[in-house]
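Undergrad: Structure provided below as structure tokens; questions to follow.
The values are calculated or read from the model by the stated rules, or taken from the named source; none is laboratory data. Keep in mind that what you see is a predicted model, and the values were worked out from it rather than measured. All Cβ positions, even for glycine, are placed from backbone atoms using ideal geometry, and neighbour counts span all protein chains on display.
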Amino acid sequence: MPTADAPPKSRREEYADATRQALISAAAELFAAEGYQQVGIEAIARSARVTRGAFYHHFADKAELFDALIESLQASAASRVKTAAAAASKAKRISAGIREFLEVCSEPVYRQLVIETAPAVLGAARSREIEETHVYGLLIHSLTASHAGSEKARMNAYLAARMIGSMVCEAAQLLDGADDPAALKAEALKLVERMVGTLTAEKSRATPARKSPRRLP
């Protein structure tokens with residue numbers, strides 16, 4: 001729906017958006033089912049019910065389409081994490097977001113395409129950039145927000161956020177094929193939340209409460 005400041009889209013623009021989204025959705029389904037390397041542009045266009053020319057109108061090649069797909073999956077993940085965190089009490093927001101992120105990472109399409117395939121296709125640097133624009137960025141912001149005056153503390157919080165995100169992704173991969181996924185998930189959450197608890201405790205110690213002004217007798 002257009003905002004008050006933006007003019008409504010023309011039918012041509014709406015059709016172009018719908019075509020682009022159809023290509024992304026078709027690619028997600030095909031890449032998850034058959035693997036990125038096994039799927040060609042012709043198959044994606046056919047599945048999206050568009051022409052090959054329409055594909056090239058929106059994307060230069062398959063890699064550019066995959067990049068857009070990963071952006072879409074990460075944006076959706078970030079939205080879910082933000083919603084889960086917002087529904088929790090202030091003290092539990094980071095934990096609630098991490099729990100939801102583990103749920104996202106456990107879903108087959110996200111796990112296969114974002115965690116496993118994206119680094120190989122897009123490269124580690126681009127994958128990291130997309131992560132930090134979306135779902136990892138939320139965690140990084142949560143842990144670094146109170147360290148505005150300390151470069152070292154901010155860097156440590158950034159590193160911790162990356163490590164926590166990696167722990168969640170690794171736990172999700174281990175869940176696939178585990179004898180008792182529910183027990184493993186619970187244990188993984190305990191470990192991650194313990195690490196977050198340590199970090200937030202350190203933040204509290206690093207920022208002592210202000211003393212009330214001394215009253216004169």
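Undergrad: Mind listing whichever residues of segment 10-38 are within 17 Å of Tyr56 (Cβ to Cβ) and either crowded, with 17+ Cβ neighbours inside 10 Å or hydroxyl-bearing (Ser, Thr, Tyr) (or both)?
TA: Tyr15, Thr19, Arg20, Ala22, Leu23, Ile24, Ala26, Ala27
Undergrad: Working only within segment 1-26, note down all residues that are modelled with pLDDT of 80 or more and either touching a helix residue (DSSP H, G or I) at 6+ places or on another chain (Cβ under 8 Å) or among the β-branched types (Val, Ile, Thr) (or both).
TA: Ala16, Thr19, Arg20, Ala22, Leu23, Ile24, Ser25, Ala26, listed by residue number.
Undergrad: Do we find that Ser89 is modelled with pLDDT of 95 or more and among the hydroxyl-bearing types (Ser, Thr, Tyr) in this structure? Walk me through it before giving the result.
TA: Working: modelled with pLDDT of 95 or more: no; among the hydroxyl-bearing types (Ser, Thr, Tyr): yes.
No; evaluated as a whole, the condition is false for this residue.
Undergrad: If you take the residues in segment 168-182 that are assigned to a loop (DSSP other than H, G, I, E, B) and either in contact with a helix residue (DSSP H, G or I) (Cβ under 9 Å, 6 or more places away or on another chain) or of a type in the set (Phe, Trp, Tyr) (or both), which one is modelled with the lowest pLDDT? Please lay out each step first, then the result.
TA: Going through segment 168-182, the residues assigned to a loop (DSSP other than H, G, I, E, B) turn out to be 176-180.
The next check asks that each one be either in contact with a helix residue (DSSP H, G or I) (Cβ under 9 Å, 6 or more places away or on another chain) or of a type in the set (Phe, Trp, Tyr) (or both); those that pass are 176, 178.
Working: Asp176: 83, Ala178: 88.
So, considering only residues that are assigned to a loop (DSSP other than H, G, I, E, B) and either in contact with a helix residue (DSSP H, G or I) (Cβ under 9 Å, 6 or more places away or on another chain) or of a type in the set (Phe, Trp, Tyr) (or both), the one modelled with the lowest pLDDT is Asp176.
Undergrad: Kindly provide the set of residues from segment 36-60 that are farther than 16 Å from Thr19 by Cβ and out of contact with any helix residue (DSSP H, G or I) (no Cβ under 8 Å at 6 or more places or on another chain), ordered by number.
TA: Those that are farther than 16 Å from Thr19 by Cβ and out of contact with any helix residue (DSSP H, G or I) (no Cβ under 8 Å at 6 or more places or on another chain): Gln37, Gln38.
Undergrad: Next question. Return only the number of the condition from (1) within 17 Å of Ala84 (Cβ to Cβ); (2) of a type in the set (Val, Ile, Thr); (3) more than 14 Å from the chain's Cα centre (by Cα) that Thr117 does not satisfy.
TA: Condition not satisfied by Thr117: (1).
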